[in-house]
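J.: Next up is a structure, given as structure tokens.
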Amino acid sequence: PFATDARVDVTFRTENGTRRPDRLQGVDILRRSRLVIPVHRYAVRAERVAVEVTASAGRIVAAQTIVYTPLSGTTGLATSLGAPAAAGHWWIAGVGRDDATSSWVALSGIGDAAAQVTVQALPSGGPPVPPVTIGVGSDEVAWVRLGGCSGDDPCIPLAPGGRYGLDVRSDREVPFVAEVLTRADPGSGRRGAAVLMGTAVPAPRWALAATAVRRASGPTRVAVANPGSNAVRVTVATLAGAGRAATRREVTVPAGRQAVVALPGNGPDTGAVVDANAPVVVGRAISGGEDPSTASGVRWP
């Protein structure tokens, strides 16, 4: 979107190793233009694919869109922004768990060092959830299942119907990237998919631009995860406009926990602002008529 041209290199990390297709090295992107790269044409027969886009000249914005067709089971569409950099610690707010969907934390190792990555759930209520630690090698892609645990695969035992935050960190601050993938299960009568990218920097103030979608089947839910060691006071306020009156709700989020606030009404779209007296992490979930929508909030300086 910038006024200067850019040049990028694209790397795919899969369960079968790293791929750097020649056609995707030194790709020129004209200023104020958009380029779409069909990943499935390059990462063929790979079940788990992580994508890295590096600009050797200029600046870019990168996002991914995952399309599930009927040939792959339940249909769905999920879009998310990429992370601007890898980090040794990630937080994710607003992770759901029910019997009709499956969710995973996707972890991508960046760089030359392997790491031990610990995934800790931050529940909205109930007892603590035991963490899971998994080894993530250099340039490796690994998944940790969220709920529905069976067999020997790494899994966090999340309870159905619950909402959780996640604290995902590596030993020695080895950089990696973390996001959550959710998809409706075959035979569940549901469809849809969602992606929720992690946040590397908690903040005391967050903004949400969208709080409703057409044909939404439920209210927008704002999740506030508290990664600190003290309770945090949080105010969730919606903005007036589009026929809606402004609203305000205050909650206290205990240390190492998450609170979920349902925004009132299913009317026209408006914005929301989250203010806290200490750094928190904010996520949003909207239950649409066809596909669910999840997204991280935007840090507001």
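The values are calculated or read from the model by the stated rules, or taken from the named source; none is laboratory data. All figures in this text were calculated on a predicted structure; none of them were measured in a lab. Glycine gets a Cβ as well: all are built from the backbone with ideal geometry, and neighbour counts include every protein chain shown. Please note that ligands, DNA and RNA were not included when accessible areas were found on the heavy atoms of the full protein model with its side chains. Shrake-Rupley method; radii C 1.70, N 1.55, O 1.52, S 1.80 Å.
J.: Of the accessible area of the chain, with the probe set at 1.4 angstrom, what percent is carbon plus sulfur? Write down the numbers at each step before the final one.
T.: Numbers: 7960 of 15360 Å².
The C+S portion of the solvent-accessible surface of the chain is 52 percent.
J.: With every protein chain kept in place and ligands, DNA and RNA left out, what is the accessible area per residue of region 91-183? Probe 1.4 Å, answer in Å².
T.: Working: 3710 Å² over 93 residues.
In whole numbers, region 91-183 has 40 Å² accessible per residue.
J.: From the protein chains alone at 1.4 Å, what is the descending order of accessible area for CYS155, CYS149, largest first?
T.: Values: CYS155 20, CYS149 65 Å².
Largest accessible area first, the residues go CYS149, CYS155.
J.: From the mean inverse distance of alpha carbon pairs (Kirkwood) and the Cα radius of gyration, derive Rg over Rh for region 120-176. Display every interim value, and only then the final one.
T.: Numbers: Rg = 12.5 Å, Rh = 12.7 Å.
Rg/Rh: 0.99.
J.: Taking a ≥ b ≥ c as the square roots of the Cα gyration tensor eigenvalues, with a/c under 1.5 meaning rounded and otherwise prolate when a/b beats b/c, else oblate, which class fits region 144-225? Walk me through the numbers on the way to the answer.
T.: Details: a/c = 2.13, a/b = 1.07, b/c = 1.99.
Oblate.
J.: Report, largest value first, the span of the C-alpha coordinates of the chain along each principal axis, in whole Å.
T.: Result for the chain: principal-axis Cα extents of 53, 48, 41 Å.
J.: Size of region 114-252 along its principal axes in angstrom, Cα-based, largest extent first?
T.: 51, 42, 32
J.: I've got another one for you. Using mean Cβ contacts within 10 Å as the protection proxy, how do 5-13, 105-113, 25-33 order, highest first?
T.: Numbers: 5-13: 17.8, 105-113: 19.4, 25-33: 12.3.
Per-residue mean Cβ counts within 10 Å order the peptides as 105-113, 5-13, 25-33.
J.: Further, regarding this structure: Would you grab the residues whose amide H sits under 5 Å from the one on ALA295? Only those 5+ places off in sequence or on another chain, please, with H modelled 1.01 Å from N.
T.: Here the answer is ARG284, since their amide H atoms fall under 5 Å of that of ALA295.
J.: Which residues' amide hydrogens lie under 5 Å from the amide hydrogen of ALA62, considering only partners 5 or more residues apart or on another chain, with H built in the peptide plane?
T.: Under 5 Å from the amide H of ALA62: GLY82.
J.: By per-residue mean of other Cβ atoms within 10 Å, what is the highest-first order of 35-45, 79-89? Could you put the intermediate results ahead of the total?
T.: Numbers: 35-45: 11.7, 79-89: 15.7.
The densest-packed peptide leads the list: 79-89, 35-45.
J.: So how compact is region 35-160: Cα radius of gyration and Dmax in angstrom?
T.: When restricted to Cα atoms, region 35-160 yields Rg and Dmax of 16.4, 50 Å.
J.: Output needed for region 81-135: three equivalent-ellipsoid semi-axes, defined as square roots of 5 times the C-alpha gyration tensor eigenvalues, in descending order, whole Å. Walk me through the numbers on the way to the answer.
T.: Working: eigenvalues 113, 44, 27 Å².
Working through the eigenvalues yields semi-axes of 24, 15, 12 Å.
J.: Next up: Only Lys, Arg, Asp and Glu count, each charged at its Cβ (+1, +1, -1, -1), so figure out the dipole size of the chain about its Cα centre, rounded to 20 debye. If you can, show how the numbers build up before the last one.
T.: On the way: 31 positive and 24 negative charges, 193 e Å.
In debye, rounded to 20, the chain gives about 920.
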